């Protein structure tokens, strides 16, 4: 297929390539391997994506084994990390009923484990007890005693191994511990615990992760923060309801999943048979829609489009605002995220502003622009900008360090412009009213 980096709709082939190739910053991708693979893929053809990324992953995993057998641990370590990423990409569009779905995912995790076995610095594998389930994860120690810890979780379709490349590896460079885990509905947790689909009250699995941190002697248990990516923006904000978590970073903010689902299906809600039929037609030509429903059938346990809307009804942050009182929050917004929020309707964008305005806590905002190359969903393509902003702010919020000087006037103007661009006149007015109460980083 012809790669077009300007097309970055989440769930589309171009975005998923951007997402995969972004991990080159941590050594989990090679530009040449990625582009040669894409040459063999047919646009909107799930089978070709799965097959060709599987071939590339197999080749790189074989190379990793040969490097290890030859005594080159560094070469093997790097190749295993890339193979892990490529296997993740291979299983991304495979239906959960396809045997390759589990096979490629298992190989992705296995390659990651082989990588950390030969790593120069420790990455601990762990399992967190959550009811009758065991949630898989990793702990990356800072290498220093009594340091603060960032809990990092993915979203609707990410793996713990991918989150390691987004933020876990960087945490050590910034002298932070990082705990990464997969909760209900996420790849590793659902693979290890069949039927453990997404739940709205994510403060419960996050609470189990905090319980684990309380058992460690090398962490400052008074300085625990949480970040969540994509749908993890919602999951992390629910997790932040736990009073032991002192700061939160939703990347990006998802306020009410049910409202977004209803808005996206506007005119069809209440007409279940018609909705299901229409969505089947949409999926034939719309890659993100087809992938989104296919993945939802596994992680939400649904079988039809109308169930998709119903499943999200309880996924909301509304009504819990008082439990976040006084807790500093950093809202990360990439321009494409604001645009995507507006796709179902501008009321979703204005709802984000209403929610931020309703919170009684220190509120910070970081906007990521096209100039930085970080405007795509969750800053894919510009992860280093996000990492610097995240840890700079965490040092301020939990460790008392000053924030880097910023032109708050310019940032406020950009905030108003972006929310006005995608939220219309109402979005611009609400952003203008809200901006003076925010701090921009």
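Observations
- For segment 244-253, the condition of being in a loop (DSSP other than H, G, I, E, B), in contact with a strand residue (DSSP E or B) (Cβ under 6 Å, 6 or more places away or on another chain), in contact (Cβ under 8 Å) with a residue 60 or more places away in the chain and within 23 Å of residue 9 (Cα to Cα) holds for at least one residue.
- Exactly one residue among 162, 145, 124 is out of contact with any helix residue (DSSP H, G or I) (no Cβ under 8 Å at 6 or more places or on another chain) and within 26 Å of residue 68 (Cβ to Cβ), and that residue is 124.
- For segment 364-385, the tally of residues that are at negative phi and outside any helix (DSSP H, G or I) stands at 14.
- Within segment 18-36, one or more residues are over 23 Å from residue 163 (Cα atoms) and in the same structural domain as residue 79 (by TED's automatic domain parsing).
- Restricting segment 424-441 to residues that are within 28 Å of residue 326 (Cβ to Cβ) and touching a helix residue (DSSP H, G or I) at 6+ places or on another chain (Cβ under 7 Å) leaves a set whose member that is surrounded by the fewest Cβ atoms within 10 Å (Cβ to Cβ) is 432.
Every residue, every condition in (1) surrounded by 22 or more Cβ atoms within 10 Å (Cβ to Cβ); (2) over 20 Å from the mean Cα position of the chain (by Cα), yes or no:
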residue	(1), (2)
161	yes, no
180	yes, no
185	yes, no
201	no, no
213	no, yes
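- Residue list for segment 338-363, filter: part of a helix (DSSP H, G or I) and closer than 23 Å to residue 150 by Cα: 356
- Being part of a loop (DSSP other than H, G, I, E, B) and surrounded by 18 or more Cβ atoms within 10 Å (Cβ to Cβ) is a property that holds for residue 8.
- Residues (surrounded by 13 or more Cβ atoms within 10 Å (Cβ to Cβ), touching a strand residue (DSSP E or B) at 6+ places or on another chain (Cβ under 8 Å) and farther than 19 Å from residue 248 by Cβ) located in segment 382-414: 382, 385, 408, 411, 412, 414
- The residues on offer are 175, 259, 169, 208, and the sole one that is farther than 18 Å from residue 298 by Cβ, modelled with pLDDT under 95, surrounded by fewer than 24 Cβ atoms within 10 Å (Cβ to Cβ) and touching a strand residue (DSSP E or B) at 6+ places or on another chain (Cβ under 8 Å) is 259.
- Test: residue in segment 125-137 that is assigned to a helix (DSSP H, G or I), surrounded by fewer than 24 Cβ atoms within 10 Å (Cβ to Cβ) and not assigned by TED's automatic domain parsing to the domain that holds residue 90: no
- Hey, residue 129 in contact with a helix residue (DSSP H, G or I) (Cβ under 7 Å, 6 or more places away or on another chain) and farther than 23 Å from residue 250 by Cα or not: yes
- Filtered residues of segment 57-105 (kept if touching a residue at least 60 places away in the same chain (Cβ under 8 Å) and either part of a loop (DSSP other than H, G, I, E, B) or more than 19 Å from residue 161 (Cα to Cα) (or both)): 93, 95, 96
The values are calculated or read from the model by the stated rules, or taken from the named source; none is laboratory data. Since the structure is predicted, the reported quantities are computational estimates derived from the model, not experimental observations. Note that each Cβ is placed from the backbone with ideal geometry, even for glycine, and that neighbours are counted across all protein chains shown.
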